[in-house]
1. Please state the shape class of segment 60-166: rounded when a/c is under 1.5, otherwise prolate if a/b exceeds b/c and oblate if not, all from the C-alpha gyration tensor.
2. Of all GluC sites (Glu not before Pro) in segment 94-138, which ones are in loop regions per DSSP and have a Cβ with at most 14 other Cβ atoms within 10 Å?
3. Return one number: the angle in degrees, 0 to 90 and rounded to the nearest 10, between the long axis of the Cα atoms of helix 22-40 and the longest principal axis of the Cα atoms of the chain.
4. Which one of F127, Q30, L77 is farthest out on the positive end of the charge dipole of the chain, using unit charges on Cβ (Lys, Arg +1; Asp, Glu -1) and the Cα centre as origin?
5. Semi-axes of segment 2-79's equivalent ellipsoid from the Cα gyration tensor, sqrt of 5 times each eigenvalue, largest first, rounded to whole Å?
6. What's the whole-number percent of alpha carbon pairs in segment 6-132 lying beyond 19 angstrom?
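Read-outs throughout are calculated quantities, based only on the coordinates presented, and are distinct from any laboratory measurement. Source: prediction; values computed, not measured. No Cβ is skipped: glycine too gets one built from the backbone with ideal geometry, and neighbour counts run over all protein chains shown.
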Amino acid sequence: MHEFKLLLLKLHRLLRSRGSDKDDADDLIQEAFLRLQLYCREHQVEHREAFLVRTVLNLASDRRRHRAQVDSVTETLKTLHLTDTIPSTVDVLAARERLHRMKEGLDRLSPRRREVFVLNRIEGYSFPQIAERLGITLSAVEKHAAKALLLMTEWMGAEESEGARQ
């Protein structure tokens, strides 16, 4: 029993000299004894003290590395500037109003101009693709697109000037 107490004292001193506090040293020594017991189930250990010394030193090193990683992550998290990407209620309401206004503007266009505008500006078709799809000339598509864009720009611009007056 005296040898066991001396071994515990030696392990405590070793760990304390390497920067571990009393509680950490107790935890590391307990873990080392557990590992020794598990290892002895399948292997013969000639120098149990050496096994325990090496094990507590390895465990202490692993714990320091783990704490350094945790500290690094914690510092990184402290310096992160998180932003809320969810639009505010006011922004959502304004966007809905603009969308409603745009739908009203589209309803004011002739069916052909609306079709050309939607195919080009919303669905991404090129003018030649629209001409082929609708069976009209490229020149007609360009004229419809220009007129629709002009009318929609004026219509949406009128909304902005109304909002500025309010």
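1. Note, shape of segment 60-166 comes out oblate.
2. E123
3. Relative to the chain, helix 22-40 is tipped by roughly 80 degrees.
4. Final value for the positive-end residue is Q30.
5. Taking √(5λ) for each Cα gyration eigenvalue gives 29, 15, 8 Å.
6. 71
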